[in-house]
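Right, one structure below, let's go through it.
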């Protein structure tokens, strides 16, 4: 499908959140996908991935995940300085701010004439975790998490029972969890911990581990694996088509 792109500035209690919108050109109502970037925000690879999903009949919203901490429109480079700034922002944002962001996007989506009534979530790296966090919202019916970081750490200082893994019983939708076995950010023991907690909570989920490094979906850099990326997108689209379309 042809798509069109624009943005909307959403008011939240923590400030204005620029949210990029990638929409299929159609008269039909479409589901919404809340699409979460890496720590670098909407870079070229994230924009291309969001547009690819949109081209399959979904309206994709890409929020600036650290909008409270940066000027509107900030994009960080895939270099040491960008990585350091993004990791600092991750440390400095209150976890409850992500819930505020999710609620703001969901409330806005519900008012749109193009909205079909179905919402999904998807993300990479920290965005994989933020998609998982979005699944805590009752409206989110299908969630795809690519190599979600920090789920296994289960530590938020001075915030008891606020880590995503402490709130698994709030999840109502189905999840697709995709990992790279050679991902040095998420060790084998960490993946095992996440799997066991999700299994013990009896969540509806599927689990895939591929021979890939961290960021194997990102179509820039030496870790990109086009074959695995294609497979990952196919799995994601099948879930969204089955649960949302």
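Taking the range 88-99 as the region of interest, how many residues are assigned to a helix (DSSP H, G or I) and surrounded by 15 or more Cβ atoms within 10 Å (Cβ to Cβ)? Matching residues across the range 88-99 total 5. Out of everything in the range 7-18 that is in a strand (DSSP E or B) and touching a residue at least 60 places away in the same chain (Cβ under 8 Å), what residue ends up being nearest to residue 69 (Cα to Cα)? Within the range 7-18, the match that is nearest to residue 69 (Cα to Cα) is 17. Residue 126 falls short on exactly one of the conditions (1) over 18 Å from residue 164 (Cβ atoms); (2) touching a helix residue (DSSP H, G or I) at 6+ places or on another chain (Cβ under 7 Å), and that condition is (1). Filtering 27, 4, 41 for residues that are outside any helix (DSSP H, G or I) and closer than 24 Å to residue 135 by Cβ leaves a single hit, 41. Against the conditions (1) outside any loop (DSSP other than H, G, I, E, B); (2) modelled with pLDDT of 95 or more; (3) over 18 Å from residue 218 (Cβ atoms), residue 82 satisfies every one except (3). Selection of strands (runs of 3 or more DSSP E) fully inside the range 133-245 by the criterion of at least 3 residues being surrounded by fewer than 18 Cβ atoms within 10 Å (Cβ to Cβ) returns 204-210.
For the range 44-56, the tally of residues that are touching a residue at least 60 places away in the same chain (Cβ under 8 Å), buried (at least 19 other Cβ atoms within 10 Å of the Cβ) and more than 16 Å from residue 131 (Cα to Cα) stands at 1.
Yes or no, residue by residue, for (1) in contact with a strand residue (DSSP E or B) (Cβ under 6 Å, 6 or more places away or on another chain); (2) modelled with pLDDT of 95 or more; (3) under 20 Å from residue 232 (Cβ atoms):
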position	(1), (2), (3)
4	yes, yes, no
7	yes, yes, no
19	yes, yes, no
48	no, yes, yes
57	yes, yes, yes
109	yes, yes, no
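Apart from one condition, residue 21 fits all of (1) over 21 Å from residue 6 (Cβ atoms); (2) touching a residue at least 40 places away in the same chain (Cβ under 8 Å); the exception is (1).
The single residue among 105, 122 that is in contact with a strand residue (DSSP E or B) (Cβ under 8 Å, 6 or more places away or on another chain), under 20 Å from residue 5 (Cα atoms), touching a residue at least 60 places away in the same chain (Cβ under 8 Å) and not in a helix (DSSP H, G or I) turns out to be 122.
Of all the listed residues (186, 171), the sole one being within 21 Å of residue 91 (Cβ to Cβ) and touching a strand residue (DSSP E or B) at 6+ places or on another chain (Cβ under 9 Å) is 186.
Taking the criterion of being touching a helix residue (DSSP H, G or I) at 6+ places or on another chain (Cβ under 9 Å) and in a loop (DSSP other than H, G, I, E, B), the residues of the range 65-76 that qualify are 65, 66, 70, 74, 75, 76.
The values are calculated or read from the model by the stated rules, or taken from the named source; none is laboratory data. Just so it is clear, the structure is predicted and the values come from calculations on it, not from any experiment. Heads up, the Cβs are rebuilt from the backbone with ideal geometry, glycines too, and the neighbour counts pull from every protein chain shown.
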